[in-house]
1. Compute the signed sum of charges (Lys and Arg +1, Asp and Glu -1) over the other residues within less than 13 Å, Cβ to Cβ, of Asn134.
2. Under a crude label model (7 Å from the Cα following the beta-carbon direction), how far is His415 from Leu292 in nanometres?
3. Determine, for each peptide in 95-106, 66-77, 113-124, the mean count of other beta carbons within 10 angstrom over its residues, then list the peptides with the highest first.
4. Taking the mean number of other Cβ atoms within 10 Å as a proxy for protection, how do you rank 648-656, 85-93 from highest to lowest?
5. So, counting K/R as plus one and D/E as minus one, what does the shell of residues with Cβ under 13 Å around Pro380 add up to?
6. Order these by the 10 Å Cβ neighbour count, fewest first: Val559, Val233.
7. Using DSSP to define loop residues, name the GluC sites (Glu not before Pro) in segment 598-698 whose beta-carbon has at most 11 other beta-carbon atoms within 10 Å.
8. Charges only on Cβ, +1 for Lys and Arg, -1 for Asp and Glu: so what's the dipole of segment 568-687 about the Cα centre, in debye to the nearest 20?
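Please treat every number below as a calculation from the coordinates, not as lab data. In this text the structure is predicted, and so the values were computed from the model without any measurement. Don't worry about glycine lacking a Cβ; one is built from the backbone with ideal geometry, like all the others, and counts go over all protein chains shown.
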Amino acid sequence: MSLTDAEIRQQTAELEAEQIELAGDEPMDEVELESLVAGLIEDAQDYIDQTEALDRNQANDYYQGRPFGNEEDGRSQVVDRSVRDTVALMMPQIMRTFFGSEKVVEFQPRGPEDVAVCEQATDFVNQVVLNQDNEGFSTFYNIFRDALVKRIGVAKVDWVSREEVEHEEYTGLDDQSLQALMSDPDIEGSSLESYPDPDFVPPPPQPPQQVSPGGPQPAPQPDMEVPMLHDVVIRRLKIDGKITIEALPPEEFIIDRRAKGLGEDEFTICGHRRYLTVSELVSMGYDYDEMLELAGDEDAFGTNTELLSRNPLGNYADHLDAGEANKRVLYVEAYAKVDFGGSGIASLRRFCCAGSHFKLLHHSPVNSVPFQIYSGYKEPHLWKGSSVADLTSDIQKIKSSVLRNTLDSLAKSIHPDSWFVEGQVSVDDLSSNRVGKIIRTRAPGMVGELNKSFNGKEAFPMLQYLDEIKESRTGMSKASMGLDPSALQSSTKAAVSATVAASAAQLELLCRVFAETGMKPLFKKILKLLHTHQDKARMVRLRNEWVQVDPQTWNQMDVSVNVALGLGTNEERMGMLAGLAAKQEQILEKQGPDNPLVTFQQYRHTLAKMTELSGYKDVQSFWTDPATYQAPPPPPPPEDTPDEIFAKANAAKATADITRDQEKLKLDREKMIREDDLNRDKLDADLSMKKDELESKYQTTIDQTEIRGQIEKDREQIKLEQMQQQQQAQPQQAQAPEMPPQDMNPEQMGPGIPDFPPDQMPMPS
């Protein structure tokens, strides 16, 4: 649960007291601290009101096209709008650069384990923080325009706690349910009414028990207590918070005159000053009487020229009697570096002050400031930069003078000066501007015109030259933006492309400065605030799915800001992406999804970029992420027709017959092999015996190698003839595996091996 401001201040004070006690240093006195902070605020306020506000107010006058103060009666008083026209050309491009896609900012992982977390953080910040909790587009529109016109745009990002009280009514609760309900620490009972249960029915009385004489007597039955029901009205306190992004008016932001920026050791004090009502301050936890006492004091901020120029009639509201609760109080939220603990090292603290004398209300240590400064034309080593008004205000003033003289020349050529003879002409008739008027004269020739030709056309080249200077300074022109048909038609395609590219280069640099010095540090602060303050998960809808987002589980991430400028117009980028998609399709078609160059994820990314350039931000509505795609289950097989069932049965029977025949052949083959082995052994034994017998009878040595060779030759010939006979006799077993010739049973080969009588045995050579 988030802590309230009072609890935070109490815990901070206790922690500081412990730190000071441990360090042994004496803290700064509160009176001394208040005087120091008030002096810093006053110096910063004087610097802003007396220096910066004057320059910014003058720049705003140029933007609004207000008179210069040197106008003459009877002369042209036209004012050129070069500043406004330039800003008007730049703003659409800048807003399209940052908000043309669905992701203004992207968080990048520092390791492979942070990929999923970074994707969730990116979706949450872009969708929830910018669009749901804040009006991101309008907020940054104001920031960018202030930066272009008034040198700086100031963004303030902070975590704002929200407390909501809901009243709930429950009826008919029993004791157990009431206890369970009131055990919630966020619930307080505001009213309670108890009454007996009207539906309670007591159990019937039990019959008396028979007790033996002299035995123990039964205990008496107590009366059954009627259960109670409760009606209760509770107060449920919901404490929540969110990130708020605010575009501060430049005059409300103060900073010391020696500041270089908002980084560490770059400033002494900065802050936000504004008027709040007594009611608003009381809702923040301050004392009513104290705030009422501080209201109505005259302060320097009320005379700020920039504030008066923004709302000239705003001070008249102070004269209205709107009640004490609506009285205004100057409230300053300052961030200053002071040596509060007396250690000799200044640290950053937050100071809240009110009133014209900056009465210190409370203070606490902080790690960073909630502000971020935007400046497109940033000056090195300064906290501020230049504006479009600084670049083009002199051109606007010169063009206004040229235009005024041109119009005066045109007016004199159309309405030339006249002369008349005094006393001979009616002056009233002559000075009338009515068309077709009659001038009364006493004699002819008493009135004449001093004809003067129109010389204003001689100034047209000068006006064109001034426009060229403005374009070279800012890069903005109608031709570069594609808004001048005559210029585009009179130029070649290469010249037009070069003009557009030159303009895009300057605008890209400006957007890049916005991104690196403004957007990136701001979103780092947002990420840190979410990680620090959002202490419970939040159910949000991301990518068309409801998920729980808990920033407490996020690790440190890198931040990058999408700046799409520099790649040409949307049409050109669309053409390049279309060519890239075609090449990816070709590779996927020829090489398949397992190719080493392109994956479906990369192809989907290309299609998503094309969809974003088309103006559709919800990419998920058009293209599914391959990482989250789940293939549908295969459809059930169709039911077989009776013919198909019969055919499958016949095929199964034929397969079974073939299998059976193959098994029989296998068994026969094994039997043949065994019998052949037995016959071989028997033949060898008989041959050896006959050999010994003949050798002993004829007293000679017989070489059985030749005999064995002749026998094997005859065996092979018999096997071949037997195999041919089997193939001719059993054609139905053609699919059965063929038997190796050497594995045939010798009994199936005919008469077998001839038994040579002793007198016919081949004699050894």
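1. -2
2. 6.2
3. 95-106, 113-124, 66-77
4. For the peptides 648-656, 85-93, the packing ranking is 85-93, 648-656.
5. Working: positive: Lys260, Lys378, Lys384; negative: Glu266, Glu379.
Net local charge, Pro380 excluded: +1.
6. Val233, Val559
7. Hits after loop and neighbour filter: Glu639.
8. Charge dipole of segment 568-687: 460 debye, to the nearest 20.
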